[in-house]
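Below is one structure; the comments refer to it alone.
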Amino acid sequence: MKGLLKKVRGYSYEELLDRAFSKIPVRDPSKGVVFELPNIETIAVGTKTIFKNFRNMAHAIGRDEKLLMKYLVKELAAAGSIDEAGNLILSGKFSAQVLDKLLKRFVDAYVKCPTCGSIHTVLEKSKKAFKLRCLACSAETTLPSF
Ligand SMILES: [Zn+2]
């Protein structure tokens, strides 16, 4: 019975430890400040959705607004444009919740340092990939571009 249990689990102590650690969420090392996205303000106009504080949002996460728009329109399969006031105008109807979910995904993938969890990072573009460089721990992560 003992032998069977061992076989079923199939992980060494070290492996289990690694797995346990990899599941612990990383925090911003600057005293555990949890980064929160500003609330999304949207209004529906006909068949369009206007993301009103889009420019502020891009600013809050320190990313180029055109890049952020590119990500959102791709994920939503919608057309989008940014007007002079910094509103993002999307074709189609999207709730603030949907946009919020996508933004969080974007932040997790393209803003947060996977090594230390800091959001003080820069994203460098090259032809086929992005390089996420952390200003807190100087880790560099290569990410697929979109
Ligand atoms: Zn880092």
Could we say that Ile43 is of a type in the set (A, V, I, L, M) and at pLDDT 95 or above here? yes
Only one of Lys112, Lys93, Lys131, Lys74 is more than 15 Å from Glu36 (Cα to Cα), in contact with a strand residue (DSSP E or B) (Cβ under 8 Å, 6 or more places away or on another chain) and either outside any loop (DSSP other than H, G, I, E, B) or within 15 Å of the ligand (Cβ to nearest atom) (or both). Can you tell me which? Lys131
In the range 65-111, the residues that are charged (D, E, K, R) and touching a residue at least 40 places away in the same chain (Cβ under 8 Å): Lys70, Lys74, Lys93, Asp100, Lys104
Which of the residues spanning the range 72-96 are within 29 Å of Leu135 (Cβ to Cβ) and surrounded by fewer than 18 Cβ atoms within 10 Å (Cβ to Cβ)? Val73, Lys74, Glu75, Ile82, Gly86
Identity of the residue in the range 115-128, surrounded by 14 or more Cβ atoms within 10 Å (Cβ to Cβ) and in a strand (DSSP E or B), that ends up nearest to the ligand (Cβ to nearest atom): Thr121
Restricting to the range 134-146, name every residue that is more than 15 Å from the ligand (Cβ to nearest atom) and farther than 20 Å from Glu65 by Cα. none
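The values are calculated or read from the model by the stated rules, or taken from the named source; none is laboratory data. None of these values were measured; they are calculated from a predicted model. Neighbour counts run over all protein chains shown; Cβ positions are idealised from the backbone, glycine included.
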